[in-house]
1. Do you know which of the residues in the stretch 53-68 that are in a helix (DSSP H, G or I) and without any contact (Cβ under 8 Å) to a residue 12 or more places away in the chain is farthest from the chain's Cα centre (by Cα)?
2. Give me a count of the residues in the stretch 74-95 that are touching a helix residue (DSSP H, G or I) at 6+ places or on another chain (Cβ under 6 Å) and in contact (Cβ under 8 Å) with a residue 24 or more places away in the chain.
3. Evaluate the following for residue 29: is it surrounded by fewer than 17 Cβ atoms within 10 Å (Cβ to Cβ), more than 18 Å from residue 131 (Cβ to Cβ), modelled with pLDDT under 85 and in contact with a helix residue (DSSP H, G or I) (Cβ under 8 Å, 6 or more places away or on another chain)?
4. In this structure, is residue 94 surrounded by fewer than 17 Cβ atoms within 10 Å (Cβ to Cβ) and at pLDDT below 90?
5. For the stretch 97-112: of the residues being surrounded by fewer than 13 Cβ atoms within 10 Å (Cβ to Cβ) and at pLDDT below 70, which is farthest from residue 51 (Cα to Cα)?
6. Just give me the residues in the stretch 61-73 being touching a helix residue (DSSP H, G or I) at 6+ places or on another chain (Cβ under 7 Å) and crowded, with 17+ Cβ neighbours inside 10 Å, in sequence order.
């Protein structure tokens, strides 16, 4: 896959960013992955969740004028969708079990609470959005690494290794985007600022 090089909108965040409860990802399952079908099931769940969240984050960044960050999320959403499509084609004829849809949720799942989601997005700065994405990508990479290390099946190990490489690319792209953002605004006596309002350069 080709690398993504995109400039990120020049914004500074407050010293304190509220971390809404709904932004906490669910813990990964620890059951062993013993078949190609089960690995495909996990991979498809990961890809579909990532695609949905990247689309959501891209829309939010567009609405608030962060076109560069929105572009990165849109590109990642397309990659996730393409990957899910190819996975579905490769897995034709393989028995794939159903997984709980919330198993790989980036945000808390369960009964929808519009107020909680609205609060999360009111506080969603470009840096927080990228941090959420990075955490999700790193957790996916760690999951595939564990499958590769623990599986006794050569075909499962080979497929897991491919997924590790894909996730490494995504982690690199998101980290690069984070590195391009200005450091968060640091209030001091001379410039106390308001930690609830993004500070522009």
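The values are calculated or read from the model by the stated rules, or taken from the named source; none is laboratory data. Fair warning: this is a prediction, and the values are worked out from it, not measured in the lab. With ideal geometry, Cβ positions are generated from the backbone for all residues, glycine too; neighbour counts draw on all protein chains shown.
1. Within the stretch 53-68, the subset in a helix (DSSP H, G or I) is 53-63, 67-68.
Narrowing further to those that are without any contact (Cβ under 8 Å) to a residue 12 or more places away in the chain: 56, 59, 62-63.
Working: 56: 11, 59: 15, 62: 17, 63: 19 Å.
Ranking the candidates gives 63 first.
2. At the first step, the residues of the stretch 74-95 found to be touching a helix residue (DSSP H, G or I) at 6+ places or on another chain (Cβ under 6 Å) are 74, 76-77, 80-81, 83-84, 87, 91, 94-95.
Restricting the remaining residues to those that are in contact (Cβ under 8 Å) with a residue 24 or more places away in the chain gives 76-77, 80-81, 83-84, 87, 91, 94-95.
The total comes to 10.
3. The answer is yes for residue 29.
4. no
5. Restricting attention to the stretch 97-112, the residues satisfying the condition of being surrounded by fewer than 13 Cβ atoms within 10 Å (Cβ to Cβ) are 97-98, 100-101, 110-112.
From the residues that got through so far, the ones that are at pLDDT below 70 too are 101, 110-112.
On the way: 101: 14, 110: 19, 111: 21, 112: 20 Å.
Within the stretch 97-112, the match that is farthest from residue 51 (Cα to Cα) is 111.
6. Matches in the stretch 61-73: 61, 66, 69, 70, 72, 73.
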